[in-house]
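Novice: Quick one: the structure is below, questions incoming.
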Amino acid sequence: MGMEAIASPLFLFVAMGAIFYFLLFRPEQTKRKKHQNMLENLSKGDEVVTNGGLHGKILGLSNDKNTILIVVGELNSQEVKVQISRSAVAFLKKGGELIEGE
């Protein structure tokens with residue numbers, strides 16, 4: 001068995017590993033970083049959509065920055081407010097369009 005017989009499968013294995021990295025893992029890391037950055041930069045007045053599909057406007061953030069108070073609508077002329085975890089925010093809404101991360 002020569003060196004070529006070992007090098008060929010090894011080269012294919014390395015090439016497939018590189019393909020998986022650039023097509024699967026790297027884009028997912030980039031997406032995760034953008035989403036985390038978006039979560040860290042949320043502020044009062046931002047419109048958001050939660051993982052559960054709840055649309056609302058941020059009224060305030062807790063001191064520990066783990067929970068957010070949002071207003072989701074009105075009922076009998078009173079605002080309906082919901083407290084959610086920051087991690088539950090899926091999208092930021094700008095001009096009616098959903099933005100995953102910036």
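The values are calculated or read from the model by the stated rules, or taken from the named source; none is laboratory data. As the structure is a computational prediction, the values presented were derived from the model and not from experiment. Ideal geometry is used to build each Cβ from the backbone, glycine not excepted, and the neighbour counts take in all protein chains shown. Keep in mind that these areas ignore ligands, DNA and RNA; they rest on the heavy atoms of the full protein, side chains included. Shrake-Rupley method; radii C 1.70, N 1.55, O 1.52, S 1.80 Å.
Novice: Please give the helix 3-20 orientation as an angle from the longest Cα principal axis of the chain, in degrees from 0 to 90, rounded to the nearest 10.
Specialist: 10 degrees
Novice: Student exercise: in the chain, how many lysine pairs 8 or more apart or on different chains have Cα atoms under 19 Å apart?
Specialist: Lysine pairs meeting the criterion: 18.
Novice: GLY60's amide H: which non-local residues (gap 5+, or another chain) put their own amide H closer than 5 Å, with H modeled 1.01 Å from N in plane and none for Pro or chain starts?
Specialist: LEU69
Novice: Rounded to the nearest 500, what is the 222 nm mean residue ellipticity of the chain from helices alone, with -39500 (n - 2.57) per DSSP H run of 4+ residues and division by all residues?
Specialist: Helices in the chain give a 222 nm mean residue ellipticity of -11000 deg cm²/dmol.
Novice: At 1.4 Å probe radius, can you tell me the per residue accessible area of the chain in Å²?
Specialist: Details: 7710 Å² over 102 residues.
For the chain, the per-residue accessible area is 76 Å².
Novice: With a 1.4 Å probe and all protein chains left in place, how much of the accessible area of the range 26-90 comes from carbon and sulfur atoms, in whole percent?
Specialist: Numbers: 1910 of 4410 Å².
That share works out to 43 percent.
Novice: In nm, to one decimal, how far is the LYS44 label point from the GLU28 one, both placed 7 Å along Cα→Cβ?
Specialist: 3.9 nm
Novice: Once the convex hull of the alpha carbons of the chain is built, what does its volume come to per residue, in cubic angstrom?
Specialist: Numbers: hull volume 13.1 nm³, N = 102.
Expressed per residue, the convex hull around the Cα atoms of the chain is 128 Å³.
Novice: Extending each Cα 7 Å along its Cβ direction at PHE11 and LYS81, get the distance between those two points in nm, one decimal.
Specialist: 6.7 nm
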